[in-house]
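The values are calculated or read from the model by the stated rules, or taken from the named source; none is laboratory data. Since we're looking at a predicted model, the values are computed, not measured. So basically every Cβ, Gly included, is an ideal-geometry build from the backbone, and we count neighbours across all protein chains shown.
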Amino acid sequence: MNRACAGFAALGIAALALTATPAPAADPEAPPIGRTAVAQPAAEWDRDGKLAKLDFDFGDFKAWVRRDGSWNAEGPVKHRGLLCGTYSLLFRVGHGNPACANVQWFGERHAAGKVKLCNGARGVLSGGDTRLAEAARFDEITCADRAITCDGNCK
């Protein structure tokens, strides 16, 4: 084999190695990037006639919080690539200006749900709980934040 052919063969093997290498997993130390939404009063009241539920529309994701501490968040996620990644949905509430800037978050993000996806699949991240500690400050809630993290082959 002459040098030109050997060079092309080496270049081809290097290119194959690069395409076969999975994308690195998300940096576990990097904070997840969130998206905020403004609280919208829902048509639900408690026995005392007080507003009982707030809705949040993140565009692709929807969420709600009730005065009793129950909450839920849900939306789609698309996996890119063949090897699998596990996506997690995180949620928190706080008080900020009408555009949800300068928000004082009432606590850390709560894990809402996980889904493992492979081979370019689409899935739904969904979850919630019945014990949101920040519900004690329900009347102060004006904003929510949702973030998605990924562990595994994330692109």
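Before we move on, is Arg92 crowded, with 17+ Cβ neighbours inside 10 Å and charged (D, E, K, R)?
Working: crowded, with 17+ Cβ neighbours inside 10 Å: yes; charged (D, E, K, R): yes.
Yes: the conditions hold for Arg92.
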- Query: Going by the conditions given, is Ala6 among the small types (Gly, Ala, Ser) and either part of a loop (DSSP other than H, G, I, E, B) or modelled with pLDDT of 90 or more (or both)?
  - Reply: no
- Conditions (1) modelled with pLDDT under 90; (2) in contact with a His (Cβ under 8 Å, 6 or more places away or on another chain); number of the one not met by Tyr87: (1)
- Task: Please find, within the range 38-56, the residue that is modelled with the highest pLDDT out of those that are acidic (Asp, Glu) and surrounded by fewer than 14 Cβ atoms within 10 Å (Cβ to Cβ).
- Result: Glu44
- Note on the structure: Sole miss for Phe138 among (1) touching a Gly at 6+ places or on another chain (Cβ under 8 Å); (2) of a type in the set (A, V, I, L, M, F, W, C); (3) at pLDDT 90 or above is condition (1)
- Residue count, the range 68-87, condition closer than 20 Å to Phe138 by Cβ and either surrounded by 20 or more Cβ atoms within 10 Å (Cβ to Cβ) or among the hydroxyl-bearing types (Ser, Thr, Tyr) (or both), comes to 3
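Any residue at all in the range 90-99 that's out of contact with any strand residue (DSSP E or B) (no Cβ under 8 Å at 6 or more places or on another chain) and modelled with pLDDT of 55 or more? Full working, then the answer.
We begin by selecting, within the range 90-99, every residue out of contact with any strand residue (DSSP E or B) (no Cβ under 8 Å at 6 or more places or on another chain); these are 97.
Those left that are additionally modelled with pLDDT of 55 or more: 97.
Within the range 90-99, one or more residues are out of contact with any strand residue (DSSP E or B) (no Cβ under 8 Å at 6 or more places or on another chain) and modelled with pLDDT of 55 or more.
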- Number of the condition not met by Val93 [criteria: (1) in contact with a helix residue (DSSP H, G or I) (Cβ under 6 Å, 6 or more places away or on another chain); (2) over 21 Å from Arg35 (Cβ atoms)]: (2)
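So that you can scan it fast, the table gives a plain yes or no per residue for (1) buried (at least 17 other Cβ atoms within 10 Å of the Cβ); (2) free of Cβ contacts under 8 Å to residues at least 40 places away in the same chain; (3) closer than 18 Å to Lys53 by Cα:
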| residue | (1), (2), (3) |
| --- | --- |
| Gln104 | no, yes, no |
| Ala111 | no, yes, no |
| Arg122 | no, no, no |
| Leu125 | yes, no, no |
| Gly152 | yes, no, no |
